[in-house]
Amino acid sequence: MAPGLLGIEGLDRAEIESYLHRAKAFQSHGASNFKKLDTLRGKLLVNLFFENSTRTRTSFEIAAKRLGADTISIAASGSSVTKGESLVDTLNTLAAMRPHAIVMRHSASGAPHFLARHLETPIINAGDGMHEHPTQALLDALTILDHKPALEGLRVAIIGDIIHSRVARSNVHLLSKFGAQIVLCGPAPMLPPDLAKLAPGVVLTHDIREAIDGADVIMMLRVQLERQHETPFPPGDYFRFYGLRPEHLTLTRQDTIVMHPGPINRGREISSEVADSKRSVILNQVENGVAVRMAVLEKVMGVQAA
Ligand code: CP
């Protein structure tokens, strides 16, 4: 299998630390006086998105350009997939044009893993169904480390539509490898008991106040309506029980940070007051997405970090 990045579950601590260390070095490259690097000059990256994206797709593209690579972005809606071409044929077609890596988002859990077994081109998973979103977990860890000295021992509350969330899964895998205490919180249909088996020590609760009690980090999740056949809750009811509001922040410490992978639905899982508050690091997460994806592209596209 070509070396790519398919998930966090299969990485060890040293590999994760290596990505984070390199991403830290790239953080300063977001400054307005940033000079483009030529680390990946002559390399070609294909961004192939079968699901919508704003943050992931754009930041992969920016990251590649900052490293000097050429990029092509393809949305499934504008490709021959709409004419009935299969996933394997689409990927083989793109691979025949000899890109150095393919970034791929797909609604089917495991799609990039399946393709990685059949292609020589490295594949970077930009989100596969309800399974993993590895670069999101890396950028989340980088953001937490901008505000906290270490991941070890942190209490992280992940709240919302856990069952459908690839972000939650990748974060649980990453944070548990570093000894963080993880509390998953959501309504019963979005938090089946099996999720406690995701990693040792994961705790489940249906009570948002219990989840945020003593939390260093509160990570809110979007309700993934696109992965459900019927709306499980009217938005108002969901917000009443699981929406993060200013009164919740008064129950937490002053240094508790609020995260959200985006896109946020104001008034459904988070209030505008909280999303725009000083506690919110949501836009820091977006900014760190570029640094993390620079680190990932540098490694996957065959250039060793110094
Ligand atoms: N967090 C995230 O994956 O956002 P996008 O869907 O906009 O890429």
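The values are calculated or read from the model by the stated rules, or taken from the named source; none is laboratory data. All figures in this text were calculated on a predicted structure; none of them were measured in a lab. As a convention, Cβ positions derive from the backbone with ideal geometry for all residues, glycine included, and neighbour counts pool all protein chains shown. The area values use the complete protein model at the heavy-atom level, side chains included, leaving out ligands, DNA and RNA. Shrake-Rupley method; radii C 1.70, N 1.55, O 1.52, S 1.80 Å.
Quick rundown of the values:
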{"read-out": "Test: MET104 is without any contact (Cβ under 8 Å) to a residue 60 or more places away in the chain, over 28 Å from PHE178 (Cα atoms) and either within 15 Å of the ligand (Cβ to nearest atom) or in a loop (DSSP other than H, G, I, E, B) (or both)", "value": "no"}
{"read-out": "Residue within the stretch 174-187 that is open to solvent by less than 10 Å² (accessible area, probe 1.4 Å), within 16 Å of the ligand (Cβ to nearest atom) and under 23 Å from LEU6 (Cα atoms) present", "value": "yes"}
{"read-out": "Selection within the stretch 278-287 - surrounded by 16 or more Cβ atoms within 10 Å (Cβ to Cβ) and either within 21 Å of THR56 (Cβ to Cβ) or within 16 Å of the ligand (Cβ to nearest atom) (or both)", "value": "SER280, VAL281, ILE282, ASN284, GLN285, VAL286, GLU287"}
{"read-out": "Residue identified as among the charged types (D, E, K, R) and within 14 Å of VAL290 (Cα to Cα) among LYS35, LYS24", "value": "LYS24"}
{"read-out": "Filter result (open to solvent by 20 Å² or more (accessible area, probe 1.4 Å) and either part of a strand (DSSP E or B) or touching a residue at least 60 places away in the same chain (Cβ under 8 Å) (or both)) within the stretch 54-92", "value": "THR54, ARG55, ARG57, ILE62, ARG66, ASP70, THR71, ILE72, SER73, ILE74, ALA75"}
{"read-out": "Tally of residues being away from the ligand (no atom under 15 Å from the Cβ), buried (at least 19 other Cβ atoms within 10 Å of the Cβ) and either at positive phi or not in a loop (DSSP other than H, G, I, E, B) (or both) across the stretch 259-277", "value": "1"}
{"read-out": "Scope the stretch 43-52; condition out of contact with any strand residue (DSSP E or B) (no Cβ under 6 Å at 6 or more places or on another chain) and open to solvent by less than 60 Å² (accessible area, probe 1.4 Å); matching residues", "value": "LYS43"}
{"read-out": "Some residue of the stretch 233-240 being open to solvent by less than 20 Å² (accessible area, probe 1.4 Å) and out of contact with any Gly (no Cβ under 7 Å at 6 or more places or on another chain)", "value": "yes"}
{"read-out": "Matching option when the condition is part of a helix (DSSP H, G or I) and either closer than 30 Å to ILE212 by Cβ or away from the ligand (no atom under 16 Å from the Cβ) (or both), among ALA126, ALA141, ALA157", "value": "ALA141"}
{"read-out": "Scan of the stretch 199-208 for residues that are in contact with a strand residue (DSSP E or B) (Cβ under 8 Å, 6 or more places away or on another chain) and either modelled with pLDDT of 90 or more or not assigned by TED's automatic domain parsing to the domain that holds ASN265 (or both), ordered by number", "value": "ALA199, VAL202, VAL203, LEU204, THR205, HIS206, ASP207, ILE208"}
{"read-out": "Filtered residues of the stretch 241-258 (kept if surrounded by 14 or more Cβ atoms within 10 Å (Cβ to Cβ) and either in contact with an Asp or Glu (Cβ under 6 Å, 6 or more places away or on another chain) or within 17 Å of ASP146 (Cα to Cα) (or both))", "value": "GLY243, THR256, ILE257, VAL258"}
{"read-out": "Whichever residue in the stretch 1-36 is part of a loop (DSSP other than H, G, I, E, B) and at pLDDT 95 or above and, among such residues, is surrounded by the fewest Cβ atoms within 10 Å (Cβ to Cβ)", "value": "ASP12"}
{"read-out": "For GLN136: the one exception among (1) more than 16 Å from the ligand (Cβ to nearest atom); (2) not in a loop (DSSP other than H, G, I, E, B)", "value": "(1)"}
{"read-out": "Subset of the stretch 209-228 that is modelled with pLDDT of 95 or more and open to solvent by less than 10 Å² (accessible area, probe 1.4 Å) - its residue that is nearest to ASP161 (Cα to Cα)", "value": "LEU221"}
{"read-out": "Subset of the stretch 237-258 (residues that are of a type in the set (A, V, I, L, M, F, W, C) and in a loop (DSSP other than H, G, I, E, B))", "value": "LEU251"}
